[in-house]
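*Asks:* Take a look at this one; I'll ask things after.
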Amino acid sequence: MTPSAPARWKGDPSAGSDRALSAVANVLFSYSLGTLSVVVPLLAVRIGYSASQIGLLVAVAAVAQIATRLCMGALVRACADKWFLLMAAVMIAGSCALITLSDALLIFTLAQLVQGMARALFWTSSQTHAVRTSLSPVQGLRNVNLAAGVGALIGPAAAGYFWETSTELPLLVGAATGSLAVIPLLLIIRFPPFAAKNSAVRGKGKRLWRQPGVETACWMNAAAGGWKSLLDSYVPLVLSLAGQPAAVIGILISVANATVLAGSAASGWVRAKGIRASLSMGVLAAGLGLAAAGFFAGWAVAAAAALALSGIGAGILQTVGPAIAAETVHPEERGDALAVTGTFRASALFLVPVGMAGLVTVVPATPALLAAGLLLAAPAAAVWRQGTRGTEDGAADAAPVPH
């Protein structure tokens, strides 16, 4: 769908101006989210929560995100995505502000729930918005991820620096930054809601996640979600246990987020290699990078290199996956497709920390992270085996991901 295709309201900016405003909002929102990714686990460690409890706290946000994502297909047909983006900006600021009020478990949990809802509203809506203002889904989603990556690069590093002054300061800055995102979001194009499904599209979409292309995109986004959940929980924990100070941890998390930009920037080239190659490159880099980060947690430079590799893989997964989904469905089903892939991502954001919470009751956090990284990379081996069975490239590229 071209930028001129969707209807707009009188007074809306041009597509180019809209992309610039959306990029600013993405940077600001991602800054706040990046702040929480560092502060939540560090604050939990300071309070005295165990590794299992930290994993469950991170999973709480994913529960809210899953519940919200499941509703997004219907919501994008009922209301303009602009209003969901505005709600998300207010909510992410509120999540940061809540944690400054009290470190009580109830407040902590409420802040995580608000954060999860904000993420679901913002990322689904920003993706649908970008697809409607760009010449291709890959281009639009690459713009979203590049802007988000800038915020995710600055947020953790700044949070680690501010943490050395005060535990409240990074959260207050994060709340202010999230609030500022409201300004550009008030100015973006107000696209009408997606059209209701006609009978033909409705019949096809009953099992949307099982459609070729969408299914693969779902598993790619799930892998990206697993990577993100570990980066926001057990990676800071493992680095802290290895003796890294908060400022260094913030920089290392920013390194991973910075190379997400590189993975997103390369998404067009990677997508041209085919679905199997995209999946293999993404999960292999993300998984092995995380595993190596756990092993080298005590050596900052080696850990930075490992996290950089993992970030490249995550950037590929979270850009190419949703783009594949958007390319393979009816234009009016793009909101549904992106919501479905987002639900898989949110499910991984829940299941991976819960699984890790159980694992760290048996083994220490560092080898648990190494095992999780290797498990995340495992699908690459299955895809490689299928690719060596003599199938033609086109057939192999169209085949679903192995379960």
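The values are calculated or read from the model by the stated rules, or taken from the named source; none is laboratory data. What you see is a predicted model, and the numbers here were worked out from it, not measured in a lab. So basically every Cβ, Gly included, is an ideal-geometry build from the backbone, and we count neighbours across all protein chains shown. Keep in mind that these areas ignore ligands, DNA and RNA; they rest on the heavy atoms of the full protein, side chains included. Shrake-Rupley method; radii C 1.70, N 1.55, O 1.52, S 1.80 Å.
*Asks:* Within the stretch 52-63, count every residue that is open to solvent by 10 Å² or more (accessible area, probe 1.4 Å) and of a type in the set (Gly, Ala, Ser).
*Replies:* Of the residues in that region, 1 qualify.
*Asks:* OK, next. Residues to consider are GLY274, GLY268, GLY282, GLY250; find the one that is touching a helix residue (DSSP H, G or I) at 6+ places or on another chain (Cβ under 7 Å), closer than 15 Å to LEU376 by Cβ, of a type outside the set (S, T, N, Q) and open to solvent by less than 40 Å² (accessible area, probe 1.4 Å).
*Replies:* GLY282
*Asks:* Looking at the stretch 52-64, can you tell me whether even one residue there is closer than 30 Å to ILE189 by Cβ and not assigned by the TED database to the domain that holds LYS228?
*Replies:* Taking the stretch 52-64 and keeping what is closer than 30 Å to ILE189 by Cβ, we get 61, 64.
Now restrict to residues that are not assigned by the TED database to the domain that holds LYS228: 61, 64.
Scanning the stretch 52-64, I find at least one residue that is closer than 30 Å to ILE189 by Cβ and not assigned by the TED database to the domain that holds LYS228, so the answer is yes.
*Asks:* Picking from GLY394, GLY335, which residue would you name as being buried (at least 24 other Cβ atoms within 10 Å of the Cβ) and at pLDDT below 75?
*Replies:* The conditions single out GLY335.
*Asks:* Residues PHE84, PHE122: which one is open to solvent by 10 Å² or more (accessible area, probe 1.4 Å), at pLDDT 90 or above and in contact with a Phe, Trp or Tyr (Cβ under 8 Å, 6 or more places away or on another chain)? Can you show your working first?
*Replies:* Numbers: PHE122 fails: open to solvent by 10 Å² or more (accessible area, probe 1.4 Å).
One residue alone meets the criteria, PHE84.
*Asks:* Further question on the same structure: Mind listing just one residue for me: the one in the stretch 15-61 that is modelled with pLDDT of 85 or more and among the aromatic types (Phe, Trp, Tyr) and, of those, nearest to SER134 (Cα to Cα)?
*Replies:* This residue is PHE29.
*Asks:* Now, a different point. Taking only pairs six or more apart or across chains, which ones have beta-carbon atoms under 7 Å, a first residue in the stretch 164-182 that is without any contact (Cβ under 8 Å) to a residue 12 or more places away in the chain, and a second residue that is not in a loop (DSSP other than H, G, I, E, B)?
*Replies:* That search, which allows pairs on different chains as well, returns LEU169/PHE162.
*Asks:* If you don't mind, another one. Consider LEU75 carefully, then state whether it is out of contact with any Ser or Thr (no Cβ under 6 Å at 6 or more places or on another chain) and over 26 Å from PHE344 (Cβ atoms).
*Replies:* Judged against the criteria, LEU75 is not a match.
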